[in-house]
1. Expressed as a rounded percentage, what relative contact order does the chain have, with Cα pairs under 8 Å and six or more residues apart?
2. For Kirkwood radius over Cα pairs in Å, which listed value, (1) 16.7; (2) 19.0; (3) 16.2, comes from the coordinates shown?
3. What pairs in Lys13/Lys39; Lys40/Lys146; Lys50/Lys125; Lys50/Lys71 have C-alpha atoms more than 21 Å from each other?
4. P(r) of the stretch 37-84 in 10 Å steps, Cα pairs, percent per bin?
5. Taking only Cα atoms, what is the 0 to 90° angle, nearest 10, from helix 4-32's long axis to the longest principal axis of the chain?
6. Which is farthest toward the positive dipole end of the stretch 81-158 among Gly98, Tyr109, His119, measuring Cα position about the Cα centre, with Cβ charges +1 (Lys, Arg) and -1 (Asp, Glu)?
7. To the nearest 20 debye, what is the magnitude of the charge dipole of the stretch 4-160 about its Cα centre, counting +1 on the Cβ of each Lys and Arg and -1 on the Cβ of each Asp and Glu?
8. Express the Stokes-Einstein translational diffusion coefficient of the stretch 12-61 in µm² s⁻¹, to the nearest whole number, given a Kirkwood radius over alpha-carbon pairs, 20 °C and a viscosity of 1.002 mPa s.
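The numbers here are math on the coordinates, done by the rules we state, and not lab data. A quick note: this is a predicted structure, and the numbers were derived from the prediction, not measured. Here the Cβ is made from the backbone with ideal geometry for all residues, glycine too, and neighbour counts use every protein chain on show.
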Amino acid sequence: MKTLKDLFKHELKDLYSAESQMIEALPKLASAATHPDLKKAFEAHLEETKQQKERLSSACKILGINPGNTKCDAMAGLIEEGESMIKEDGDDQVRDAGLIASAQRVEHYEIAGYGTALHYARMLKEDEVANLLATSLEEEKDADEKLNDIAISKVNELALA
């Protein structure tokens, strides 16, 4: 990597890998969740994630890069943590709270990634790509807020009981 544009392209590939991994992980999270609102949130975010991956694919096409040859190790680690939470033996409500915690770590990682990539896109005057990234960034922020609301208004209280 010698230029900001090189770094920008790397960030897009990393995000593409992260979203690809989440498309595989979200059905597992939805299946493990016992609270209906949490299950529904994971299922809805799966559909958003598929759209986010498509946006990243479009961004890569605009820039003339192949998004599929990078692995996001950070996402792999976050998913591994979530999968270990799924395997935990114990109270369903406590596990649901743990699933939310794991999912929010993922959302925060994605928010950081999209925010950085968006900043680079704007600096590099890649306006079309910036618009794609801005849409996904807002969706990630919304997903985090929904998970937070479910945790605070429902799941954490059940886990406390």
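1. 30
2. Given (1) 16.7; (2) 19.0; (3) 16.2, the structure-derived one carries the label (3).
3. Beyond 21 Å: Lys13/Lys39; Lys50/Lys125.
4. Result, from short to long distances: 22, 38, 33, 8, 0 percent.
5. Helix 4-32 sits at roughly 20 degrees to that axis.
6. Result: His119, furthest along the dipole toward the positive end.
7. 560
8. 191
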